[in-house]
Structure formats: structure tokens, C-alpha cells
Amino acid sequence: RVRSILAQKGLQAKYTIDDIKGSSPAIQRLKSWVKHYAITDSTVLITGESGTGKELFAQAIHSASSRAGHPFIPVNCAAIPESLLESELFGYEEGSFTGAHKGGKPGLFENASHGTIFLDEIGELPLEMQAKLLRVIQDGEFYRVGGTVPVKTNVRIISATNRDLEKYVEEGRFRRDLYYRLNVVPIRIPSLAERTEDIPALISHFLTKYGEKFGLRRGITGSAVEYLQQQQWPGNIRELENTVQRLMIAATGEDITLMDVMRESHAEL
């Protein structure tokens, strides 16, 4: 019943370890680490290029943990205006600013109680907010905007970035103490170029996914798969997924052929 309520509110993780596709040594090793790290409450820092699936791994960790029946709340730190970030994360008290709701409003940390909060693009967090986040990790409490009474919190923090946080620390753009607090359990997700043997399985997964969505039944020829496997994929899995989606729509036969792939590549150019 709890999971049903959370799902209705959009606060439940959708993905598990089984949703991590691929059988390359790198992915098998990561799946093993996910299972191992899930049993603890340590903070996790996930790094990797854009499009490698960092939130998928964060959700898999949450789903395999004892917190799985509680909320999973993703937060894109770069998408929330700096002026609203503190009230979004920590909530606010009534009358704390013009337009504040009567009775105040809980923030995302309160909504994530006993669950997991996923701080994506953590490298974009302003320095002032970094100090407040450090307090949450150290003391397990925070203040709402306009509040005078500390709010206790029980959440697991998983963060992710495609930035070089060590370089940010040296440049003074990221707090060193916060970096060490977040980086207790580091997970680096390899780029698609480092795990090309997983591309056929990913293509098959996307064919099934979009076949159900579009009501299409498409296969793909071996030569087309081989060609796709040889590409660089700077956008990683996200780029591959978008390509397969376009190919499913553009193909005219039952199978996506090498000609379809070449035609699509030429159209992009």
C-alpha cells in the first residue's frame, strides 16, 4: 500500500538492478557493487559522462536497499534557480517571504524522509548551498527558510555529476569537506565507448521499449548492429536510445537495415 501511494505521487523509484542492461565485465562489476553498496546508508557519488545512466544506477541502489518502500526523490541541482533552491530543498515557514503558502511548505528533504534523495549535477550547487548540505550530512538536521527550530532528517544522499569535482575543489568552486562527505562510496559509470559489447543488448532493449510504445514490431539486421557498434556515441546511451527510436520510425521494412542506418546518419549530417 505504501508503494502504491508513493507511485501515485511519483516518488517511487522505477528501476532496479535488472534494468541495467549489458553483460560486459564493467557492467557486471558495477551490478555487483550496487548490490553490495545498497545494504549500507553511506553517501554515494556517481560520476560519468552525460547520458551514461547515472540516475538509473541511483534508483537501482535505492530499490535494492532497505529504504525501497520509501520515497526516491531526484533533484536536478542545475535546473532549480539559485533563488529558489534553498526553499525547494529545505522548505519554508509561513510568512518567510512574499507569496509563501499559509502554514509553510515542506522541502524535498522532508518529502524524502526515510528514503533517498538523488542530487544530480551536484557540481552546479552554489557554495552557500554546499555549506547547508554539509550541515545536513554532518548533523542530520536543517532549518526551513524563515525557521528557528531544526528539522531532523533521515535520508540517504546519492549525488551525481559529469564534472571533475577534484578540479572544482582545487579551483575553490566546490567545498573540500563536502566533497569528502559525498565521496564515501564512489561509483564511476563507463562511457558507451568503453563497453561496446553491450550495444547489441541495449539496441534490443530499446526496440522492445519503443515497439510497445509505438505499436511497431521491428527487428534489426546483424550488419546494422555491427555498424552501430562501431560508432563513437559521444552522447552515450541517451544518444543510442534516440537513434534507435528514430530508426524504428524511419524504417519501412520489418527489420532496420544497414541502409536505414546509413540513410539516418546521412540525414543527420
- Within the stretch 40-75, considering residues that are aliphatic (A, V, I, L, M) and part of a loop (DSSP other than H, G, I, E, B), the one least open to solvent (accessible area, probe 1.4 Å): Ala68
- Looking at the stretch 120-219, what helices (runs of 4 or more DSSP H) fall wholly within it and have at least 3 residues that are touching a residue at least 60 places away in the same chain (Cβ under 8 Å) and closer than 30 Å to Ala251 by Cβ? 199-214
- Can you give me the number of residues within the stretch 202-256 that are on the phi > 0 side of the Ramachandran plot and within 21 Å of the chain's Cα centre (by Cα)? 2
- Index of the failed condition, Ile189 passing every other in (1) β-branched (Val, Ile, Thr); (2) touching a strand residue (DSSP E or B) at 6+ places or on another chain (Cβ under 6 Å); (3) crowded, with 19+ Cβ neighbours inside 10 Å: (2)
- Thr243 being part of a helix (DSSP H, G or I), of a type in the set (Val, Ile, Thr) and within 30 Å of Ile73 (Cβ to Cβ): no
- Message: Just to check your reading of the model, which residue among Gln8, Gln28 is exposed (fewer than 13 other Cβ atoms within 10 Å of the Cβ), out of contact with any Cys (no Cβ under 9 Å at 6 or more places or on another chain) and modelled with pLDDT of 95 or more?
- Response: Gln28
- Identify, please: which residue in the stretch 230-269 is of a type in the set (S, T, N, Q) and open to solvent by less than 60 Å² (accessible area, probe 1.4 Å) and is, among those, nearest to Ile20 (Cα to Cα)? Asn236
- Item | Any hit, the stretch 81-90, residues being open to solvent by 60 Å² or more (accessible area, probe 1.4 Å), touching a strand residue (DSSP E or B) at 6+ places or on another chain (Cβ under 9 Å), modelled with pLDDT of 95 or more and closer than 22 Å to Ile137 by Cα | no
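The values are calculated or read from the model by the stated rules, or taken from the named source; none is laboratory data. None of the values given here were measured: they were computed from a predicted structure. Note that each Cβ is placed from the backbone with ideal geometry, even for glycine, and that neighbours are counted across all protein chains shown. In case anyone asks, the SASA skips ligands and DNA or RNA and just uses the protein heavy atoms, side chains included. Shrake-Rupley method; radii C 1.70, N 1.55, O 1.52, S 1.80 Å.
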